[in-house]
1. Filter the stretch 159-173 for residues that are more than 29 Å from residue 20 (Cα to Cα) and surrounded by fewer than 19 Cβ atoms within 10 Å (Cβ to Cβ) and give the result.
2. Given the structure, is residue 194 over 30 Å from residue 17 (Cβ atoms), more than 26 Å from the chain's Cα centre (by Cα) and of a type in the set (A, V, I, L, M, F, W, C)?
3. Identify the residue in the stretch 197-212 that is surrounded by 10 or more Cβ atoms within 10 Å (Cβ to Cβ) and farther than 14 Å from residue 244 by Cα and, among all such residues, is farthest from the chain's Cα centre (by Cα).
4. Looking at the stretch 92-120 only, could you name the residues that are polar (S, T, N, Q) and loosely packed, with under 12 Cβ neighbours inside 10 Å?
5. Can you tell me how many residues in the stretch 219-233 are surrounded by fewer than 20 Cβ atoms within 10 Å (Cβ to Cβ) and either part of a helix (DSSP H, G or I) or of a type in the set (Asp, Glu) (or both)?
6. Any residue at all in the stretch 262-280 that's out of contact with any Cys (no Cβ under 6 Å at 6 or more places or on another chain), in a helix (DSSP H, G or I) and either at pLDDT below 90 or assigned by TED's automatic domain parsing to the domain that holds residue 193 (or both)?
7. Can you name the condition, by its number, that residue 156 falls short on among (1) at pLDDT below 80; (2) part of a strand (DSSP E or B); (3) among the small types (Gly, Ala, Ser)?
Amino acid sequence: MRATPDKLFLMKVFTVAVRQGSFTKAAFEMASTVSSISKAISKLERAVGHQLIKRTTRTLELTDIGARYFDFAARLLEDVSEFEESMQRVGDEPFGTIKILAPGAIGQLIIAPKLPELMKTYPQLNIQLTLSEQRYDTFDEQFDIQITSVRPPANARAYCRQLAARRRVIVGAPEFFEKYAKPDQPLALETLPLLRYQGQQVSDTWEFQQGEQRTVIHPGRYFVSNSYPVVLQAALSGVGLANLYEYLVREYVKNGDLLTCLDDWTQETRFVYAIYTHKREASHKIRLILDFLDKVF
């Protein structure tokens with residue numbers, strides 16, 4: 001389906017209705033009528049060739065295709081809006097304050113090392129980076145951008161950009177493997193000193209899969225910390241094997257400071273998202289930070 005001006009308007013109606021959770025609220029926000037909102041969405045569904053919303057007397061529930069289409073439409077509309085705004089701001093240097101909330105490990109190991117370069121490029125931009133291990137299921141509106149592994153529901157009044165896949169890898173220092181042979185099966189890990197992260201929503205077991213074969217191990221309590229940087233430092237020192245997210249150890253593996261093992265086994269993949277509200281007066285700064293986050297991940 002080509003995104004003609006008419007279809008862009010229908011997408012706008014659709015995304016507003018989903019975020020508001022009702023045709024009535026959508027009609028109020030768009031200064032329209034419930035009948036007009038309903039007709040616009042029906043027209044969009046005919047153009048798409050699929051039902052997007054299950055209509056009930058109290059709520060709007062997205063179909064599976066509707067959820068996928070919502071992500072597409074919201075991102076497209078955002079890109080159109082921000083491109084038009086960027087054309088009006090050509091030559092303008094971003095300024096003011098941008099507030100970012102991130103988990104401790106991501107902020108300390110991924111974002112902070114790259115921030116000085118961004119700050120030198122845009123000296124008029126004030127960055128407030130807050131690190132927290134608290135799990136946020138909803139967007140904290142005192143921040144402009146929130147980095148999290150929790151994807152917001154489709155009807156949340158926030159936008160979402162996927163930054164990275166969270167895939168765990170088993171890593172150890174070269175000196176560790178001078179003392180111990182590399183394990184060729186997950187169960188062999190239980191005979192080795194293991195370094196474990198312990199935190200909110202984190203299982204005490206490590207689960208591996210290879211084809212149809214699934215193996216679960218219990219890493220024990222040789223070394224446990226609620227800080228990913230601490231676990232990483234322990235792995236770098238050569239005292240044990242750690243199970244860490246690939247993006248946290250990528251540079252260390254590239255430089256040869258850490259080696260991976262059990263590479264032909266996979267673990268559950270989760271994702272990292274940047275969540276933000278569309279504040280028009282701040283969107284130029286937000287887009288800049290989102291592009292920066294895309295690069296560092």
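The values are calculated or read from the model by the stated rules, or taken from the named source; none is laboratory data. Every value quoted in this text rests on a predicted model; they were computed, and no experiment measured them. Note that we place each Cβ from the backbone using ideal geometry, even for glycine, and neighbour counts take in every protein chain shown.
1. If the condition is that a residue be more than 29 Å from residue 20 (Cα to Cα) and surrounded by fewer than 19 Cβ atoms within 10 Å (Cβ to Cβ), then 165, 166, 167 are the ones that fit.
2. On the way: over 30 Å from residue 17 (Cβ atoms): yes; more than 26 Å from the chain's Cα centre (by Cα): yes; of a type in the set (A, V, I, L, M, F, W, C): yes.
Against the criterion (over 30 Å from residue 17 (Cβ atoms), more than 26 Å from the chain's Cα centre (by Cα) and of a type in the set (A, V, I, L, M, F, W, C)), residue 194 qualifies.
3. That would be 210.
4. Once the filter is applied, which keeps residues that are polar (S, T, N, Q) and loosely packed, with under 12 Cβ neighbours inside 10 Å, the stretch 92-120 yields only 97.
5. Counting residues in the stretch 219-233 that are surrounded by fewer than 20 Cβ atoms within 10 Å (Cβ to Cβ) and either part of a helix (DSSP H, G or I) or of a type in the set (Asp, Glu) (or both) gives 3.
6. yes
7. The one condition residue 156 does not meet is (2).
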